[in-house]
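Presented below is the structure to which this report refers.
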Amino acid sequence: MNAPINHQDNGLLRFMTCGSVDDGKSTLIGRLLFDTKTILADTLTQIEKTSRKRGMEAVDLSLLTDGLQAEREQGITIDVAYRYFSTGTRKYIIADAPGHEQYTRNMVTAASTANLAIILIDARKGVLTQTRRHSFLAHLVGIPHIVVAVNKMDLVDYDQAVFDRIRADYLAFAKEIGLQREGHDIRFIPMSALNGDMIVDRSDEMNWYNGPTLLDVLEAVPAAHTEKAESFRFPVQYVCRPQASDDPELHDFRGFMGRVESGEIAVGDAVTVLPSGRASKVKAIQLGNDKLDRAIHEQSVTLLLEDEIDISRGDMIVKSSEAREPVKQLDAMLCWLSETPLSPARTYIIRHTTRESKAKVGAIEYRIDVNTLEQQSVQGLGMNDIARISFRLAQPLCVDAYAENRATGAFIVIDESTNNTVGAGMVA
């Protein structure tokens, strides 16, 4: 008799790795891919050849993620490298964030969609400035699950005292920045990415550690949108009006297409369209040619309403019981991404979900020195600066606090003259 097939699905997990330079982020990801047997044979053959050219006896697994030629030459990560793999029970998207300070903006980009962050610490060096910087950024962008991976334990003879000291140092810092709070957790794992200790398999060298391996933690972490009840938010991307004269069913069809950013909706639910405030009920939900009774987070669907309401791209459909008042002033934490400094005299474009509005800087309350966490008074912002700021908006936006909803609490700032993205913000 054949054994039953395991159809368990723990959902997609997006996670990122970060830490100081040479802490072993790329090697960790390479080891994870290697030990879960998700590397194609030709890819493995290629990195074996490259490793031999460098005179290395073992395979350099960091080559799996250091994709740019400059990264391979220098042995560092510059751009955010995304990798995809799956186990029998879950699919993963990994973002390998750069460790250098000048690439802080790349790290913020990677963190914006992550539900878990692996912060690597070199066991020989302990908690460094970049460790604190990346931990603060992970806290800033609201990543709910933190794994502190104390790597290179093989270089300190797998000494438990070293691990315990780093754990105590990190927890003291985490308390200082408020990293430990309701709905957020921090785990500590001693490991050696080079040797594969405590990544997928356990280690005979660290019998003193009784906790889970890294893969055990990744498999068990709740998927995004599943840990707490969320308000229904549906930014309209497109209004579908086929108006097919030869098909009576489509002649008066008016569907509102978009993605459910959070929460869920069912046929018959009362909804409100923002910013107009007009109310109606959901008549039908369609996914392609299929009709659904309900739609949940991250599904792209078409909603049909019972009433004729003037709705266009950029409007947001919410449950009537969960409607918020649209705002024309935006208070937020902002990470400036551009080499061109922010100028309070200029007009920018704020893009929030599918809606845009012209905006002027109202005030820069303070800039945060990420190294010391000191709040500094400034007149402008340079690249990689993080600041508390307010914008005055020409058009109202339907925002939530970022701490409540990462999808509708985030926005980007666009330079209207170049159309470049110059800033990323989180609604306070």
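The values are calculated or read from the model by the stated rules, or taken from the named source; none is laboratory data. None of these values were measured; they are calculated from a predicted model. Using ideal geometry, Cβ is built from the backbone for each residue, glycine included, and neighbour counts are taken over all protein chains shown. To get the accessible areas, we keep the full protein, side chains included, count just its heavy atoms, and leave off ligands, DNA and RNA. Shrake-Rupley method; radii C 1.70, N 1.55, O 1.52, S 1.80 Å.
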Item checked: Sole exception among (1) open to solvent by less than 60 Å² (accessible area, probe 1.4 Å); (2) not assigned by TED's automatic domain parsing to the domain that holds residue 147 for residue 308, by number -> (1)
Note to self: Being over 17 Å from residue 262 (Cα atoms) and either in contact with a His (Cβ under 7 Å, 6 or more places away or on another chain) or touching a residue at least 12 places away in the same chain (Cβ under 8 Å) (or both) is the requirement here; does residue 281 meet it?
What the structure shows: yes
Item checked: Scan of region 21-32 for residues that are open to solvent by less than 20 Å² (accessible area, probe 1.4 Å) and hydroxyl-bearing (Ser, Thr, Tyr), ordered by number -> 26
Item checked: residue 132 open to solvent by 20 Å² or more (accessible area, probe 1.4 Å) and touching a residue at least 12 places away in the same chain (Cβ under 8 Å) -> yes
Check: Hey, does region 313-320 have a residue that's touching a residue at least 12 places away in the same chain (Cβ under 8 Å), surrounded by fewer than 19 Cβ atoms within 10 Å (Cβ to Cβ) and under 30 Å from residue 127 (Cβ atoms)?
Finding: no
Next item on the list: Would you tally the residues in region 306-333 being assigned to a strand (DSSP E or B), of a type outside the set (Val, Ile, Thr) and within 17 Å of residue 398 (Cβ to Cβ)?
Entry: 7
Check: Quick check, is residue 272 in contact with a helix residue (DSSP H, G or I) (Cβ under 9 Å, 6 or more places away or on another chain), free of Cβ contacts under 8 Å to residues at least 60 places away in the same chain, farther than 16 Å from residue 296 by Cα and open to solvent by less than 50 Å² (accessible area, probe 1.4 Å)?
Finding: yes
Note to self: Could you list, ordered by first residue, the pairs with Cβ atoms under 7 Å in which the first is in region 293-305 and under 15 Å from residue 269 (Cα atoms) and the second is open to solvent by 60 Å² or more (accessible area, probe 1.4 Å), at least 6 apart or interchain?
What the structure shows: 293/267; 294/264; 295/264; 296/264; 302/257; 304/283; 305/281; 305/283
Margin query: Considering only region 354-375, I want to know if a residue exists there that is farther than 25 Å from residue 139 by Cα and part of a loop (DSSP other than H, G, I, E, B).
Written below: yes
Next item on the list: With respect to residue 154, determine if the residue is of a type in the set (D, E, K, R), under 24 Å from residue 30 (Cβ atoms) and free of Cβ contacts under 8 Å to residues at least 24 places away in the same chain.
Entry: no
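Table: residues versus (1) at pLDDT 55 or above; (2) over 17 Å from the mean Cα position of the chain (by Cα); (3) among the hydroxyl-bearing types (Ser, Thr, Tyr); (4) open to solvent by 40 Å² or more (accessible area, probe 1.4 Å).
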site: 67; (1), (2), (3), (4): no, yes, no, yes
site: 71; (1), (2), (3), (4): no, yes, no, no
site: 77; (1), (2), (3), (4): no, yes, yes, no
site: 80; (1), (2), (3), (4): yes, no, no, no
site: 83; (1), (2), (3), (4): yes, no, no, yes
site: 90; (1), (2), (3), (4): yes, yes, no, no
site: 101; (1), (2), (3), (4): yes, yes, no, yes
site: 106; (1), (2), (3), (4): yes, no, no, no
site: 113; (1), (2), (3), (4): yes, no, yes, yes
Note to self: Restricting to region 390-424, name every residue that is within 23 Å of residue 228 (Cβ to Cβ), outside any loop (DSSP other than H, G, I, E, B) and open to solvent by less than 30 Å² (accessible area, probe 1.4 Å).
What the structure shows: 411
Margin query: Return the residues of region 184-195 that are open to solvent by 10 Å² or more (accessible area, probe 1.4 Å) and either without any contact (Cβ under 8 Å) to a residue 40 or more places away in the chain or assigned to a loop (DSSP other than H, G, I, E, B) (or both); say none if nothing qualifies.
Written below: 184, 194, 195
Note to self: Under 6 Å between Cβ atoms, which residue pairs at least 6 apart in sequence (or on different chains) link something in region 157-181 that is farther than 30 Å from residue 404 by Cβ with a partner that is part of a helix (DSSP H, G or I) and not hydroxyl-bearing (Ser, Thr, Tyr)?
What the structure shows: 158/205; 158/206; 162/156
Note to self: Suppose the filter is assigned to a loop (DSSP other than H, G, I, E, B) and open to solvent by 10 Å² or more (accessible area, probe 1.4 Å); does residue 181 pass it?
What the structure shows: yes
Check: Mind checking which residues of region 258-306 are of a type in the set (Asp, Glu) and farther than 19 Å from residue 353 by Cβ?
Finding: 269, 290, 293, 306
Note to self: Looking for something in the same structural domain as residue 115 (by TED's automatic domain parsing), open to solvent by 30 Å² or more (accessible area, probe 1.4 Å) and within 19 Å of the chain's Cα centre (by Cα) - is there at least one such residue anywhere in region 154-174?
What the structure shows: no
